[in-house]
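Okay, so here's the structure we're looking at.
The values are calculated or read from the model by the stated rules, or taken from the named source; none is laboratory data. Owing to the predicted nature of the structure, the values given are computational and were not obtained by experimental measurement. Here Cβ is always computed from backbone atoms with ideal geometry, including for glycine, and neighbour counts include all displayed protein chains.
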Amino acid sequence: MPVFQSEQEVYDVLGRFFERVAETEESKELIAATELGPGYDAFVQYIFHKPEAKITWAQENRKLKIVCGETALRPELIFEQTADVGHKFWLGKLDLQQALARQQIKVQGPLVNALKVLPQLDAIYPAYREYLQEIGRSDLLL
């Protein structure tokens, strides 16, 4: 049985968590130091399957903006995976490099940009676990 039962549940859990991450100092510093390539107006888009959902990280007024659902934004990086794989990744239970090698996560765009942020992710993993507990979803802690 999948972790998330509907598109809306993906947005309610992962989307709201990403909105919280967007407000952190680390995210603000990362946005300030990151320059999008020509023709792009979003940093990354996560395409989830089972259930189908899309979450895009864009920049608006020098802040990280999270967009849930379909959008006309053009992301520089696209990560495609099942929602279960995405959930395990944000719990810190899935190594990105191994997931890429096993094609659990498929990437479009400059992977080197994604690998640059890996060190910052160590601070986010515990925050996702804490967030799940705060919203009463400790059932999702694998």
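A few remarks follow.
- Any chance PRO38 is exposed (fewer than 14 other Cβ atoms within 10 Å of the Cβ) and assigned to a loop (DSSP other than H, G, I, E, B): yes
- Subset of the range 98-129 (residues that are exposed (fewer than 12 other Cβ atoms within 10 Å of the Cβ) and in a helix (DSSP H, G or I)): GLN98, ALA101, VAL112, LEU118, PRO119, ASP122, ALA123, PRO126
- Any hit, the range 43-61, residues being touching a residue at least 24 places away in the same chain (Cβ under 8 Å), among the charged types (D, E, K, R), assigned to a strand (DSSP E or B) and within 21 Å of ASP12 (Cα to Cα): no
- Scanning the range 75-90 for residues that are surrounded by fewer than 19 Cβ atoms within 10 Å (Cβ to Cβ), among the acidic types (Asp, Glu) and either at pLDDT below 85 or not in a helix (DSSP H, G or I) (or both) yields a single hit, GLU80.
- Screening LYS93 on (1) closer than 25 Å to ASP12 by Cβ; (2) part of a loop (DSSP other than H, G, I, E, B); (3) touching a Phe, Trp or Tyr at 6+ places or on another chain (Cβ under 8 Å) shows it passes everything except condition (3).
- Just one of the numbered conditions (1) modelled with pLDDT of 95 or more; (2) closer than 22 Å to ILE135 by Cα is not true of ALA72: (2).
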